[in-house]
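Bear in mind these aren't lab numbers, they're just calculated from the coordinates by the rules spelled out. Small disclaimer: the values here were computed from a predicted structure and weren't measured. Backbone-built Cβ (ideal geometry, glycine too); neighbour counts: all protein chains shown.
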Amino acid sequence: MNTKSRANNGSATLPNFWFKYEKTIPQEAKDWIYEQYLNRDTLYVYCDMSLSVEKQVMSLACSYLNNGYIKVKKQLFQPHKRLLHQNVYGEVKAVIFALKNFHNHIGRNKKVIIYSDIEDIEKMANNEVATDKPVMMKVQNELMQVYRSVCNEYKDMDISIQFLPPSKQRYNPYHKAANNAARRLLQE
C-alpha cells in the first residue's frame, strides 16, 4: 500500500506511527495498520489491561479507531484481592469496558471489531468454552450478557470480538496505545 492517500482534492501523507523505526516495520504490517486507519465502515477497538498488586488495582484501556481518528479511554478497576493475579479476568473486563462504551465512538460505522489478546475470547463471548473457576464463570457470564445485549441493541451492525494474535500486536500502534494507557493509569 502506498503511504499517500487522497483527501480533499489533494494529497495527504499518512501518519508515521513508528517514527525512526518505520523502515524496519514489514510492509505487510504497515498495510494492515493503514487499512484500518483509512477504513470508513468499521470501528476498531483494541483492549488491554494492566495491574498493580501493590496498589491492589487493575486498569482497563481501549483505543478506538474510527475513520482516521484514534481515541483512548481508560478506567481504574478494583477487583477482589484474590483476583489481582488473574490477568485473563482483567482482560475480559477490558472487553466488557469496550462493549459498554463503543457506542460513544461508532459514528456511521456498520461494523465493530473488538480485539483482545485472550486467545479464547470469541469462544468465551459465545459460550463455546467453559471454565471451572467460579470467578471466571461470573466474568464470562457478564461478558456474554453484555455482548448479547449490545448485539440486540445494534441489530443492523456487525459486532465481533476477536483474538489479536502476537503477530498482529507487534508493530501495532493502536494496541500499543491501549497498552500504554493502561500502564500509565496505574502510575498516576
- Item | Ellipticity estimate at 222 nm from DSSP helix runs (n ≥ 4, -39,500 (n - 2.57)) divided over the chain, nearest 500 | -11500 deg cm²/dmol
- Folded to 0 to 90 degrees: helix 134-153 orientation relative to the chain principal axis, Cα: 50 degrees
- What does the charge add up to near Lys168, with Lys and Arg as +1, Asp and Glu as -1, over the other residues with Cβ less than 13 Å from its Cβ? -2
- For segment 41-99, which trypsin sites (Lys or Arg not before Pro) are both in a DSSP coil and crowded by at most 16 other Cβ atoms within 10 Å? Lys55
- When only DSSP loop residues count, what trypsin sites (Lys or Arg not before Pro) in segment 98-157 have their Cβ near at most 13 other Cβ atoms within 10 Å? Arg108, Lys110, Lys155
- Which of the lysines could a cross-linker bridge to Lys110, judged by Cα under 17 Å and excluding same-chain residues fewer than eight apart? Lys155
- Message: About the Cα centre, and with charges only on the beta carbon of Lys, Arg (+1) and Asp, Glu (-1), how big is the dipole of the chain? Nearest 20 debye, please.
- Response: 580 debye
- Hits among aspartates and glutamates - C-alpha to C-alpha of Lys74 under 19 Å, sequence gap 8 or more where chains match: Asp48, Glu91, Asp117, Glu188
- Task: Sketch the reach of a paramagnetic label on Lys110 as a point 7 Å from Cα along Cα-to-Cβ, and name the residues of segment 132-160 whose backbone nitrogen lies under 18 Å away.
- Result: 154-160
